[in-house]
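The values are calculated or read from the model by the stated rules, or taken from the named source; none is laboratory data. The model shown is predicted, which means the values in this text are computed figures rather than measured ones. As a convention, Cβ positions derive from the backbone with ideal geometry for all residues, glycine included, and neighbour counts pool all protein chains shown.
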């Protein structure tokens with residue numbers, strides 16, 4: 001038997017999430033499950049809050065699989081070679097993003113944030129920005145250009 005006290009279940013409390021993660025303007029990410037924090041090797045989990053009318057540029061996450069669970073608000077996702085497909089998700093919905101899928105994430109509402117739980121199949125913050133114009137009109141007052149930051 002192993003030392004289950006030291007190598008068993010880990011609980012990361014709400015106030016202990018790590019905000020020292022790659023950030024995107026209009027979005028706040030916080031890590032909960034990482035190798036450094038819990039010993040996880042194959043998963044990364046955390047939270048993201050997307051401010052009203054915020055959106056990313058077109059991107060993909062390489063070989064990583066991503067799952068989002070919407071806690072609050074309304075998220076809109078575009079995907080495809082030209083971001084031609086679109087769906088919205090609300091509280092209680094799960095979103096699965098397969099590896100290498102070009103996509104764009106955005107808050108579908110101008111008046112409330114989106115809060116979601118994010119789980120990825122790896123530890124690296126892989127973001128590959130793509131030169132794909134979004135068919136989604138920019139919200140009034142939005143800054144021009146892609147909003148997805150490169151990992152730091």
Does residue 63 count as within 30 Å of residue 133 (Cβ to Cβ) and either part of a strand (DSSP E or B) or touching a strand residue (DSSP E or B) at 6+ places or on another chain (Cβ under 7 Å) (or both)?
no
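How about the range 94-107: which of its residues are in a loop (DSSP other than H, G, I, E, B) and over 22 Å from residue 135 (Cβ atoms)?
Residue satisfying the conditions is 99 alone.
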I'd like to check something: does the range 36-44 contain any residue that is in contact with a strand residue (DSSP E or B) (Cβ under 6 Å, 6 or more places away or on another chain), touching a residue at least 40 places away in the same chain (Cβ under 8 Å) and either assigned to a strand (DSSP E or B) or over 20 Å from residue 122 (Cα atoms) (or both)?
yes
Given the conditions (1) surrounded by 13 or more Cβ atoms within 10 Å (Cβ to Cβ); (2) at pLDDT 95 or above; (3) assigned to a loop (DSSP other than H, G, I, E, B), and given that residue 86 satisfies all but one, which numbered condition is not satisfied?
(3)
Unique match (being over 18 Å from residue 91 (Cα atoms), at pLDDT 95 or above and out of contact with any strand residue (DSSP E or B) (no Cβ under 6 Å at 6 or more places or on another chain)) among 80, 2:
80
What is the one condition in (1) surrounded by 16 or more Cβ atoms within 10 Å (Cβ to Cβ); (2) assigned to a loop (DSSP other than H, G, I, E, B) that residue 52 does not satisfy?
(1)
Those residues of the range 108-143 that are assigned to a strand (DSSP E or B) and modelled with pLDDT of 95 or more come to a total of 7
